[in-house]
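These notes concern the structure reproduced below.
The values are calculated or read from the model by the stated rules, or taken from the named source; none is laboratory data. Only a predicted model underlies this, so the values are computations on that prediction, with no experimental measurement involved. No Cβ is skipped: glycine too gets one built from the backbone with ideal geometry, and neighbour counts run over all protein chains shown. Note: accessible area is taken over every heavy atom of the protein model, side chains too, but ligands, DNA and RNA are not part of it. Shrake-Rupley method; radii C 1.70, N 1.55, O 1.52, S 1.80 Å.
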Amino acid sequence: MRLFSFARVKAVLLKEFVQMRRDRTTFAMMVGVPIMQLILFGFAINSDPRHLPTALIDRDHSSFSRSIVYAAENSTFMDIIKRPATDQEAERLIREGEVSFIFIIPENFGRDLVRGDKPQVLLVADATDPSASSGAVNSMKQIVEAGLVRDLSGSLSHLAQAPPPVDVVLHKRYNPAGITQYNIIPGLLGIIIAMTMTMITAVAITREKERGTMENLLAMPIKPLEMMVGKVSPYVIIGYVQTCVVLVASQFVFDIPMAGSYLVLFAAVTLYIVVNLLIGFFFSSIAETQMQALQMTFFMLLPQILLSGFLFPFLGMPRWAQYIGEALPATHFMRLMRGIMLKGADSGDLFASFWPLGVIMVAVGTIAMIRYKTTLD
Amino acid sequence: MSAVETVIDVRGLTKKYGDKTVVDNFDLQVPKGAVYGFLGPNGSGKTTTIRMVCGLLIPNAGSGTCLGFDVVEQSSEIKKRVGYMTQKFSLWADLTIRENLEFVARMYQVSNRKEKVDEALEELGLSARARQLAGSLSGGWKQRLSLAACMLHDPDLLLLDEPTAGVDPKARREFWDSIHVLADRGVTILVSTHYMDEAVQCDYIAYIAYGKKLIDARSDELVDQVGLHTWRVEGIGLSDLSKKLAGADGVGDVARFGTALHVSGLDKDKLRTAIEPYFDNPLLTWSEKKPGLEEVFIHLMTGSEDNFQ
């Protein structure tokens, strides 16, 4: 007998190829995951976001204020999407996460500028995600000065000389020190729950199929809803345990503020856990093996990490990626967690993030129930 | 026969997977309290038929009742009253024996759960090992535990899918003893098997091959119904003889039984004509015998295409 037989290698090789071809899910994953990663990393993710939505309060309405606004928009850092009438309205917009900046030009700005009184403009930035707002925050002074250059010519040219004629005041909200953990830790809970809850239910049910115990369960007089509630409930408790671990760590290890109410937070966590368990239940109605269930979980997790605003600024992504992101439960959960913990938003402020989770829950639950088979067909 | 007495009454059951017909136009009437044997080779459609009867599979065609409930529309009612023992061990290997039984009892909402489980453990003789994981039991014990589990809710009908496959002869005998005890209590039992010796234990036998029912009769009438004639021959040179006889006019089939050959055919005279030339051979001893179930089944198998519908 020879020590190394190419015939035997070939036998194993051929067998592997045949099995690879039969295992469609694995094959789809091997091709699908790289394509998905290429698209997400290549096109969707942008760590230097532009065109961030901004609320403008221009109380001056002079040619100078218009020049500054024009310069700000031209910088491509911000897009003026709202012109709220009051400060309160502007505050609500930034708290709900509809805008990343509030830009305020005070009354008599033009007059004070011409007088050489060095008037102030105010830029309030949502700094929950420091990387998202830093671009605009760092270059605002230059933008304002550049915008005024043309207006400050002729008789006003003396104002264009140093020192700068305008004082740009920056307010970094919610995370003034720009600590990355403030943004990451509340969001991380969303990823932990998405990963474990989906996987655990998907695997728990496909395991019954794989071991042949499903036939026994199906032969018993149990209704699909009873099965779903019974299967999913134990893991809700595990989800709470995870939440407590993350919250304790965020309080005592990372010193993350808790600006909002724990009640609202636990309401958000509960809803989100149930959504993820239902996604797992749905996967288990498609997957035949535990391996397939795991692959589906992974396939779902990738966009939840990349497109939810967890690692990269949501508003910095192209529109199509934002639309996909809006359909992911993690996106809404990120907003809820950051809103509650950092911004102290109440449930009214967060309704915009609560209802999509509710819709996803009902939709996934319904599809899972329809797909769940009570026969072996 | 009234509906009360007929526990299973299905007609024209058909199950197709793609263009493969696994069960074809199947009729089945099982009277109350009978032990009804489902015989047939692997892949003949026994399991599929049983699954259709208890609502685990939806038939493509056909209809009927099980325990008076429609097999398609009222499967949840059927499930409450049927005990189904799957071919493969389908209890939870990572639960203990007691946990398995308690889970099953809860699923069927057995009212006096604790007593029932204790009773079942006692009957099984597993009381001392109740805390052992079910997965660690040997094949025979797994079968007995499965039977106990599907009996917990006192079902009116037991569907047993090859309950004795891979079980040693002693355990099989004990298994069948308990089947008869249950039948005496009035439980109707539909049991599939491919062991011929188990067929004798049944009151009725349906023989299935290629998704079709070839014969369905009381076990004591089955042989007469087929009308088979058999000669037994012993001696030297049987292999040779077997080859010569196979396919001869009047010879249906030739089967080896230990040191003897059983030569069977439907036409008594033709069979005699075919074997007569070998009567003079001094090395062979011929005798006419009453055909047994085994000859009948071999005959059914070989002639399944042309002899029956």
With every protein chain in place, the residues of the range A:200-223 shedding 50 Å² or more of accessible area versus the chain by itself (probe 1.4 Å) are A:Arg211, A:Thr213, A:Glu215, A:Asn216, A:Ala219, A:Met220, A:Pro221
Averaged per residue, the 1.4 Å probe accessible area of chain A, protein heavy atoms only, in Å², is roughly 48 Å²
With all protein chains present and a 1.4 Å probe, the order of A:Val9, A:Val169, B:Val10, A:Val245 from largest accessible area down is A:Val245, A:Val9, A:Val169, B:Val10
If amide H atoms are modeled at 1.01 Å from N in the peptide plane, then the residues at a separation of 5 or more from B:Gln132, or on another chain, having amide H under 5 Å from its own are B:Ile97, B:Arg98
Classified through the alpha carbon gyration tensor (a ≥ b ≥ c as square roots of its eigenvalues; rounded if a/c is under 1.5, else prolate when a/b is larger than b/c, else oblate), the range A:96-238 comes out prolate
Phi angles of the range A:301-310, converted by Karplus (6.51 cos²θ - 1.76 cosθ + 1.60, θ = phi - 60°) into ³J(HN,Hα) in whole Hz with x for Gly and Pro, give 5, 4, x, 5, 7, 8, 9, 8, x, 5
Dividing the mean separation of Cα pairs under 8 Å (6+ apart) by the residue count of chain B yields a relative contact order in percent of 19 percent
Expressed per residue, the solvent accessible area of the range B:104-155 in Å² (1.4 Å probe) is about 51 Å²
Counting only protein heavy atoms and leaving out ligands, DNA and RNA, the solvent-accessible surface of A:Ser261 at a 1.4 Å probe, in Å² to the nearest 10, equals 50 Å²
Placing each pseudo-label 7 Å from Cα in the direction of the beta carbon, A:Ile35 and A:Thr375 end up separated by a distance in nanometres of 3.4 nm
Residue-normalised value, i.e. accessible area per residue, for the range B:229-290 at 1.4 Å probe, in Å², stands at 57 Å²
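Total accessible area buried between chains A and B, 1.4 Å probe, in Å² to the nearest 100?
Counting both chains, the buried surface is close to 1800 Å².
Contour minus end-to-end for A:Ala146 and A:Arg66, with contour as 0.36 nm per residue of separation and end-to-end as the Cα-Cα distance?
Going from the current span to full extension adds 27.5 nm.
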Row for the range A:52-173, column shape: gyration tensor on C-alpha, a ≥ b ≥ c, rounded if a/c < 1.5 i.e. under 1.5, prolate if a/b over b/c, else oblate; value prolate
With the protein assembly as shown reduced to its Cα atoms and the Debye formula applied, log10 I(q)/I(0) at q = 0.07, 0.09 1/Å amounts to -0.70, -0.92
Excluding ligands, DNA and RNA, the carbon-plus-sulfur percentage of the accessible area of the protein assembly as shown with a 1.4 Å probe reads 57 percent
Relative to chain A, whose Cα atoms define the longest principal axis, helix A:329-338 and its Cα axis are tilted in degrees, nearest 10, by 50 degrees
Measure of exposure for B:Tyr210: accessible area at 1.4 Å probe, Å² rounded to 10, is 140 Å²
Computed ³J(HN,Hα) along the range A:367-377: with the Karplus parameters 6.51/-1.76/1.60, θ = phi - 60°, integer Hz and x for glycine or proline, the list is 4, 4, 5, 5, 6, 5, 9, 9, 10, 8, 4
Ranking A:Ile192, A:Leu170, A:Leu376 by how far each Cα lies towards the positive end of the charge dipole of chain A (+1 on Lys and Arg Cβ, -1 on Asp and Glu Cβ), the top one is A:Leu376
Which residues qualify? For A:Asp79, with a placed amide H closer than 5 Å and at least 5 residues away or on another chain, they are A:Leu52, A:Thr54
Mean-square fluctuation maximum in Gaussian network of chain A, Cα pairs under 10 Å, restricted to A:Asn276, A:Asn175, A:Asn216, hits A:Asn216
Only helices counted: for the protein assembly as shown, with every DSSP H run of 4 or more residues adding -39500 (n - 2.57) and the sum spread over all residues, [θ] at 222 nm is -15500 deg cm²/dmol
Sorted by chain and number, the residues with a modelled amide H under 5 Å from that of B:Lys16, at a separation of 5 or more or across chains, are B:Val22, B:Asn60
Here the longest stretch of chain B that holds no GluC sites (Glu not before Pro) in a DSSP loop having at most 14 other beta carbon atoms within 10 Å is B:74-309
Helix A:130-148: inclination vs chain A longest Cα principal axis, degrees, rounded to 10, gives 30 degrees
Looks like the range A:254-313, by Cα gyration tensor root eigenvalues a ≥ b ≥ c and the a/c under 1.5 rounded cutoff (else prolate when a/b is bigger than b/c, oblate otherwise), is oblate
Net charge near B:Gly250 (other residues with Cβ under 14 Å of its Cβ; Lys, Arg +1; Asp, Glu -1) is -1
With every protein chain kept in place and a 1.4 Å probe, the residues B:Trp176, B:Trp231 fall, from largest accessible area down, as B:Trp231, B:Trp176
Per 10 angstrom bin, beginning at 0 and ending with the bin that holds the maximum distance, the Cα pairs of the range B:120-183 fall in percents of 19, 57, 24, 0
Quick calc: nm separation of the 7 Å Cα→Cβ label points for A:Thr26 and B:Ser136 -> 3.3 nm
Note, the range A:25-31: 3J(HN,Hα) by Karplus (6.51, -1.76, 1.60, θ = phi - 60°), whole Hz, Gly/Pro = x, goes 4, 4, 4, 4, 5, 5, 8
With a Förster distance of 51 angstrom and the Cβ-Cβ distance between A:Val229 and A:Arg111, calculated FRET efficiency to the nearest 0.05 equals 0.15
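Compare B:Arg173, B:Arg81 by solvent-accessible area with a 1.4 Å probe and give them largest first, with all protein chains kept in place.
Details: B:Arg173 150, B:Arg81 80 Å².
Solvent-accessible surface, decreasing: B:Arg173, B:Arg81.
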For B:Thr302, the accessible surface traced by a 1.4 Å probe with all protein chains present amounts, in square angstrom to the nearest 10, to 90 Å²
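Quantify how strongly other chains surround peptide B:48-58 by giving the mean number of their Cβ atoms within 10 Å of each of its Cβ atoms. Let's see the in-between values first.
Numbers: counts 1, 0, 0, 6, 1, 0, 2, 5, 7, 4, 4.
The per-residue average across the peptide is 3.
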Ordered by number, the trypsin sites (Lys or Arg not before Pro) in the range A:32-126 that occupy a DSSP loop and have at most 15 other Cβ atoms within 10 Å are A:Arg50, A:Arg59
Those chymotrypsin sites (Phe, Trp or Tyr not before Pro) from the range A:1-66 that are DSSP loop and have at most 14 other Cβ neighbours within 10 Å turn out to be A:Phe4
